[in-house]
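Worksheet: one structure, shown below.
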Amino acid sequence: MRSSNIGGQAVMEGIMMRHKDKYSIAVRRPDKEIELKVEDYKCIFGNGKIWKKPIIRGVVSFVESLVIGTKCLMFSAEIAGDEEDEEETKKNQQLTAEELEAKKVKEDKQFRWLLYGTVAVSVVISVAAFMLLPYALASLIRKVGASEVLVTIAEAFVKMALFMGYMLLISRMKDIQRTFMYHGAEHKCINCVEHGLPLTVENVLKSSRMHRRCGTSFLFLVMLVSIFLHFIFVLVPGYWMRLFGRLLMVPIVAGVSFEIIQWAGRTDSKFAEIMSKPGLAMQKFTTKEPTADMAEVAIKAVEAVFDWRAYLKEEFGLDVPLAEEKES
């Protein structure tokens, strides 16, 4: 498999795809047409070289993925939902151009506050549930004389149980099933081109829905890395110091996990294959087989930001005529 450096995520009734300095969102509208939006990608931390250093770039990527991902989810929810109601349309028609512009500026400002607020709340809940809560629960065995080493081992089991339980729970929710099908379509598109196949609906559907660079694999890796790194705190005195240390360790855990998963996505070594197996197994919960119309949406998202024909020609020596795009 040859890495294309495409990344993405599933959104409501659609796909977000990102490549280099652009990202696209393709969403299936209620009228069955595909809404496509393409935007330039700009690092929210700026273009300083410090943000591209190992470990640090992982933290940056994690934060940006949350921001862009949440933004795309909010956009897709708006597009996939009902059309603007007649009352709102009438109100807008009565406004002047200046009033419409002022309304748009106000709505954009409200959207940004909502976006960053949602991301902040998501981070706080995630860290509390999967980083701090496991240690708090595991610390209860200290009452029966358990050492800090045993508490840390118990924390590892509690953490994995919470994570696996969460994944199993959301995978059974009917409302999330279609999103997981789009998640499968996203992976299939990337696997399709990275295995040298023209990007058609037929080729996408027969490709694998598992991929090493998946966000699910990243989250699972975060759990594993945090388990090993948290053994550092065995020698730290005091419960609250150890708990606070785990909080400070979150960026380092994210950075190390990012480097590992990027390396695994670039190499075909046996060790990388073994390291990737647990994350790939977790994707059985978070990806489902998509339908042909979902694959069509995913293809639209890919083609908006990535020239897959040029990639196939450069990497595989395969010259795909334009007419082949219309097959299937």
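The values are calculated or read from the model by the stated rules, or taken from the named source; none is laboratory data. The structure displayed is predicted, hence computed values, not measured ones. As a convention, Cβ positions derive from the backbone with ideal geometry for all residues, glycine included, and neighbour counts pool all protein chains shown. Heavy atoms of the whole protein, side chains included, go into the accessibility calculation; ligands, DNA and RNA do not. Shrake-Rupley method; radii C 1.70, N 1.55, O 1.52, S 1.80 Å.
Here PHE163 meets each of (1) in a helix (DSSP H, G or I); (2) touching a Ser or Thr at 6+ places or on another chain (Cβ under 7 Å); (3) at pLDDT 90 or above; (4) surrounded by 16 or more Cβ atoms within 10 Å (Cβ to Cβ) with one exception, condition (2).
Just one of (1) closer than 26 Å to SER171 by Cβ; (2) in a helix (DSSP H, G or I) fails for LYS288. It is (2).
Is at least one residue of the stretch 292-300 under 24 Å from LEU168 (Cβ atoms), modelled with pLDDT of 90 or more, open to solvent by less than 40 Å² (accessible area, probe 1.4 Å) and in a loop (DSSP other than H, G, I, E, B)? No: the stretch 292-300 contains no residue that is under 24 Å from LEU168 (Cβ atoms), modelled with pLDDT of 90 or more, open to solvent by less than 40 Å² (accessible area, probe 1.4 Å) and in a loop (DSSP other than H, G, I, E, B). Checked against (1) at pLDDT 95 or above; (2) closer than 23 Å to ILE232 by Cβ, TYR182 passes all but a single condition, namely (2). Residue under question is HIS195, and the condition is that it be under 25 Å from TRP263 (Cα atoms), open to solvent by less than 40 Å² (accessible area, probe 1.4 Å) and modelled with pLDDT under 95; does it hold? No: the conditions fail for HIS195. Restricting attention to the stretch 18-62, the residues that are assigned to a helix (DSSP H, G or I), closer than 29 Å to LYS300 by Cα and either open to solvent by less than 60 Å² (accessible area, probe 1.4 Å) or without any contact (Cβ under 8 Å) to a residue 12 or more places away in the chain (or both) add up to 3. Look at (1) modelled with pLDDT of 90 or more; (2) under 21 Å from ALA281 (Cβ atoms); (3) among the hydroxyl-bearing types (Ser, Thr, Tyr) and you find that THR200 fails only one, number (2). For the stretch 204-219, a residue qualifies if it is out of contact with any strand residue (DSSP E or B) (no Cβ under 9 Å at 6 or more places or on another chain), open to solvent by 20 Å² or more (accessible area, probe 1.4 Å) and over 14 Å from GLY255 (Cα atoms), and the qualifying residues are LEU205, LYS206, SER208, ARG209, MET210, ARG212. Here the condition is being at pLDDT 85 or above, open to solvent by 40 Å² or more (accessible area, probe 1.4 Å), out of contact with any helix residue (DSSP H, G or I) (no Cβ under 6 Å at 6 or more places or on another chain) and farther than 16 Å from CYS189 by Cα; of LYS284, LYS270, it holds for LYS284 alone. Could you grab me the full set of residues in the stretch 221-243 that are surrounded by fewer than 14 Cβ atoms within 10 Å (Cβ to Cβ) and under 21 Å from GLY58 (Cβ atoms)? Matches in the stretch 221-243: PHE228, ILE232.
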